[in-house]
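In what follows, a single structure is set out as structure tokens and then discussed.
We did not get these values from a lab; they are worked out from the coordinates using the rules stated. The shown structure was predicted, so the numbers you read here are calculated from the model rather than taken from an experiment. Because the Cβ atoms are built from the backbone with ideal geometry, glycine has one as well, and the counts that use them run over all protein chains shown.
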Amino acid sequence: MRNTFFWILFLFILPLQAQQKLPSLQKQGSATQLVVDGKPFLVIGGELGNSSASSIEDIERIFPKLQRMGLNTVLVPAYWDLTEPTEGTFDFTLTDKVIQQARANDLKVVFLWFGAWKNSMSCYAPLWFKKDYKKYPRAYTKAGKPLEIASSFSENVFQADSKAFSEWMKHIASIDKEGTVIMVQIENEIGMLEDARDYSKEADKLFNAPVPPLFIDYLEKNKKQLHPEMLAKWESRGFKKQGTWQEVFGADVYTDEIFMAWSYAQYVERMAKIARSIHNVPLYVNAAMNSRGRKPGEYPSAGPLAHLIDVWHYGAPSIDFLAPDLYDKGFVDWVAKYKLPNNPLFIPEIRLEDNDGVRAFYVFGEHDAIGFCPFSIENGSDKADSPLVQSYGKLKELMPLLTKYQGKGMMNGLLFDGENRERILACDDLEITCRHYFTLPWDARARNGSVWAEGGGILLRLAPNEYIVAGSGIVLEFRKKGEGKVKGSQALGEDGFVSVGGKAQKQENTWQGGLRAGIGSVDEVSVNEDGSLKYIRRLNGDQDHQGRHVRIPVGEFSILHVKLYEYK
């Protein structure tokens, strides 16, 4: 009888244990954290090129390289056309190979469902779907031209897409008891091109119908939190509470975009509900940016863009966050648009380049990011001294500290280039001046016409007068906010001596008192898995400019433990 009891208990606990392994999201202060295997987790990752997971041989070749590059996560397309090449017949060979190779190379997986839409187009829909355009209709331009874009207003389109997605999710749920798959992206860069909205008959019918009352109610209840662009659009029409889309929001392409976003979001919500009912892992959608002065339709209109976040939150509440794909200039401004109180920052795609190493430090330090993933990652270098490999190695070390302090207001991210060279931070009673490393006088690259590589990092306050400084290409100076000033000053050279032949102009120098901040010690450290620090070496003398600053050169990535002291 006793053995029977324990056997029944074991059978009961076993599915609970499997369920507990599912990744999830949790709040910590102002941050949203991804929890994997029971612990907060940062996605230090990369996304494969579109066709790089379409053969077993490529997957087997690429995944060991990703491990050597220091990734802990890889974002991988799952292709509808190869998953359901014949209607009703499913092939999960590639999905199985991805999961097997991920486990063999100590990687987690974020799958990207390339279903009805990829970069607006329906290029990954199976041929049997594309050929039957009467059953699976296309979106139309205002001029009546059919597009290579399936219509989101077609129930047949949804049923075909969602059936394949459902079978694929069931397969993942059945084979991934270890929790290798940690998130799923639904579709890819949804959006209308050529025109801001679909002009099919069904779309026109709904466009000229009243705005759903529940959406108006949502706007009314969340009026104080609406995105400024949405608020201004609605306000321009007097905050109307009923009417057609044009009557409520005005007659322009931006109203067309709002309407189209409502349709896409509702479609995605239905897909998300299917996913949650089968395998409840975090879900997101990604967006191609509305950049370079383009209007809706010139960029993929109605995607999960920041200015449409209210439409997407209303239409797709089961989606956890909207994520930006970043290929344009203005990185700092773009990421700020997506780190919002109601939207954590996750970067599933960014152009693969050397500056990504310091940009990853910036978003984890400044925006409590969930993850950072350069695109076409398999084309990056796996050499130990490459910027991304160095960066990822240090970030993986730092993860226990970063996840401990996320959302608590203890961290800042730093990012500098040839134009943006300085940032001054206030912390406790300190003024911390942070600059690009090339602002120091002794590196020839600062003045020989070279383009300044970006410098960036993380400043983490562990305790009063105790900091972690990590990254590359940065220099920090610490001073008390009330520290007195000297009337009159002398220009000093790189050695700290008066710069012009040792001769100083006579000036009346008067110290005005107050405590000063001094650098007590700067130690290069590594971080253990439990977050404790392991001493590597003391940096003093020339390495901290005789106690004047803390620095990490361009091209080198380090973690420094800094202790300050006071004197007068």
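How large is the Rg to Rh ratio of the chain when both quantities use alpha carbon positions and Rh follows Kirkwood?
1.03
Mind listing P(r) for the range 125-213? All alpha-carbon pairs, 10 Å bins, whole percents.
14, 37, 29, 15, 5, 0
Could you tell me which of Val311, Ala323, Cys373 has its Cα farthest along the dipole of the range 310-451 towards the positive end, charges placed at Cβ (Lys, Arg +1; Asp, Glu -1), taken about the Cα centre?
Looking along the dipole axis, the top candidate is Cys373.
How long, wide and thick is the range 137-179, going by the Cα atoms along their three principal axes, in whole angstroms, largest first?
The principal-axis extents, from largest down, are 51, 16, 11 Å.
Give, to the nearest whole percent, the P(r) tail of the range 282-361 beyond 20 angstrom, counting all Cα pairs.
Beyond 20 Å sits 31 percent of the P(r) for the range 282-361.
Among DSSP beta bridges whose residues both lie in the chain, state the antiparallel percentage, nearest 5.
Around 70 percent of the beta bridges assigned by DSSP in the chain are antiparallel ones.
If you take the alpha carbon radius of gyration of the range 63-196 and divide it by 2.2 N^0.38 Å, what ratio comes out, to two decimals?
1.17
What does a probe at Thr89 reach in the range 112-146, counting residues whose amide N is under 19 Å from the point 7 Å along Cα→Cβ?
The answer is 125-132.
Read phi for every residue in the range 525-531 and hand back ³J(HN,Hα) as whole Hz from Karplus 6.51 cos²θ - 1.76 cosθ + 1.60, θ = phi - 60°, with x for Gly and Pro.
Listing the rounded values in order: 9, 10, 10, 6, 4, 8, x Hz.
For q values of 0.11 Å⁻¹, compute log₁₀ I(q)/I(0) with the Debye formula on a Cα-only model of the range 50-124, without solvent.
Normalising to I(0) and taking log10 leaves -0.28.
Can you compute the helix-only [θ] at 222 nm over the chain? Use -39500 (n - 2.57) per DSSP H run of at least 4 residues, normalise by all residues, nearest 500 deg cm²/dmol.
The per-residue figure over the chain is -9500 deg cm²/dmol.
Under 14 Å Cα to Cα from Lys39, which aspartates and glutamates show up? Leave out anything in the same chain fewer than 8 places away.
Filter leaves Glu529, Asp530.
Under a cut-off of 30 Å between alpha-carbon atoms, report the lysines in cross-link reach of Lys130, not counting same-chain residues fewer than 8 places apart.
In chain and number order, the partners are Lys97, Lys118, Lys142, Lys145, Lys163, Lys170, Lys201, Lys205, Lys273, Lys295.
Dividing the alpha-carbon Rg of the range 28-85 by 2.2 N^0.38 Å yields what?
1.44
Please get the size of the charge dipole for the chain, origin at its Cα centre, with Cβ charges of +1 on Lys and Arg and -1 on Asp and Glu, quoted in debye to the nearest 20.
1200
So if I take the centroid of the Cα atoms in the range 385-443 and the same for the range 303-359, what is the distance between those two points in Å?
What the calculation gives is 21 Å, centre to centre.
What FRET efficiency comes out for Lys201 versus Trp128 if R0 is 22 angstrom and r is the Cβ-Cβ distance? Round to the nearest 0.05.
Here the calculated transfer efficiency is 0.40.
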